[in-house]
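Notes follow once the structure below has been shown.
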Amino acid sequence: MIDLRQRRKRPSIATSSMSDIGFLLLIFIMLIALMNQRYEEKINYSESAVLERTQADENFEIWVQQNGIVSAEGQTLDPNALEKAIVTAIAQNPNVRIHIIADKDTPYKYINGVTSILQSLQHRVVSFVVKEK
C-alpha cells in the first residue's frame, strides 16, 4: 500500500535571482534620474500675464544673470563662445527655439548683448522666459 503521508516536497523560491532584479531596477532608476536633469541658474523671473508654452526638448537656453554673466548648457560663455554655441545648436536642429532666461533685475544692456548676437545670426525663433503672474 502507498503511504498517503509521504513527505511532500515544499516549494522553494530561488532567491539568487532577486539580487539581479534589484540591481537592474537600481540601474534603471539611476538612468531615468540622469535623463531628467536640467541646468538652471537661480534667478528671479520676470512676470507676464500672457504666456506661450514650448516643448522643452527643442530649446536652447541662454541664462543671463544680474551681474551680466551669460551661460548656456551649464557653461559660462563670452560673446564669441555664445555665438559658436548657438550656431552649433542651430546646426544640430534647425527648428531649435532659443530661450533667453534673465533675472528680472538684470540691466537691459546684458540682454541686448545676447539679442544682438541672435540678430547677427538672423535667428528668428526666440523666447523670453517669464513667470506667470
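Listing for the model above:
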{"quantity": "Filtered residues of segment 89-98 (kept if surrounded by 12 or more Cβ atoms within 10 Å (Cβ to Cβ) and not in a loop (DSSP other than H, G, I, E, B))", "calculated": "89, 90, 97, 98"}
{"quantity": "Residue count, segment 99-115 (criterion: under 25 Å from the mean Cα position of the chain (by Cα) and open to solvent by 20 Å² or more (accessible area, probe 1.4 Å))", "calculated": "7"}
{"quantity": "Residue count for segment 118-133, restricted to those that are without any contact (Cβ under 8 Å) to a residue 40 or more places away in the chain, assigned to a loop (DSSP other than H, G, I, E, B) and among the β-branched types (Val, Ile, Thr)", "calculated": "1"}
{"quantity": "Unique residue being under 20 Å from the mean Cα position of the chain (by Cα) and modelled with pLDDT of 85 or more when the list is 65, 37", "calculated": "65"}
{"quantity": "Single residue of 115, 106 found to be in contact (Cβ under 8 Å) with a residue 40 or more places away in the chain and not in a strand (DSSP E or B)", "calculated": "106"}
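The values are calculated or read from the model by the stated rules, or taken from the named source; none is laboratory data. Treat the numbers as computed from the prediction; the structure is a model and nothing was measured. Using ideal geometry, Cβ is built from the backbone for each residue, glycine included, and neighbour counts are taken over all protein chains shown. For accessibility, only protein heavy atoms count, side chains too; no ligands or nucleic acids. Shrake-Rupley method; radii C 1.70, N 1.55, O 1.52, S 1.80 Å.
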